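To start, the structure under review is shown below, and the notes come after it.
The values are calculated or read from the model by the stated rules, or taken from the named source; none is laboratory data. Computed from a prediction, not measured in an experiment: that's the story for all the values here. Areas reflect the complete protein model, heavy atoms only, side chains present, ligands, DNA and RNA absent. Shrake-Rupley method; radii C 1.70, N 1.55, O 1.52, S 1.80 Å.
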Amino acid sequence: MKKENLIVVFYVLYFVWLFIVTYLTPDLAILNYFTLGVAFFYFIFLRSDNDLLLFAFGSLIPILFVVLGVGNPQLKLDFSAIKDTPIWLPIAWGTTFVTLRKLFVLVSREI
């Protein structure tokens with residue numbers, strides 16, 4: 001399969017996943033499995049240079065927000081809040097960072 005076709009398939013899967021995450025189901029098990037599937041699909045078929053680093057950076061952002069307690073009026077370190085963070089959330093942020101970079105590269109290459 002050509003790489004362009006894989007990218008189209010990935011973006012279709014990504015936006016279906018994004019729709020499921022935001023609108024259709026509050027079931028954490030479905031969200032976790034589907035998000036892991038999207039990330040594995042990307043890293044198996046579409047990975048490029050520095051994607052793992054960018055994915056790790058994007059995944060750390062929601063964890064830092066939880067640990068720092070950014071939503072609270074007082075900033076304080078609360079490492080116990082990590083256990084309440086769903087697995088799909090850091091994976092979703094990491095995948096979004098990587099896909100936005102991939103989209104930027106594809107669009108800038110066409111211009």
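Per residue, the accessible area of the chain comes to 69 Å² when a 1.4 Å probe rolls over the protein heavy atoms.
Can you tell me how the chain classifies by the Cα gyration tensor, rounded, prolate or oblate, using a/c under 1.5 as the rounded cut? Verdict is prolate for the chain. Angle between the Cα long axis of helix 3-19 and the longest principal axis of the chain, 0 to 90 degrees, nearest 10? The answer is roughly 30 degrees. For the chain, the carbon plus sulfur part of the accessible surface works out to 72%, probe radius 1.4 Å.
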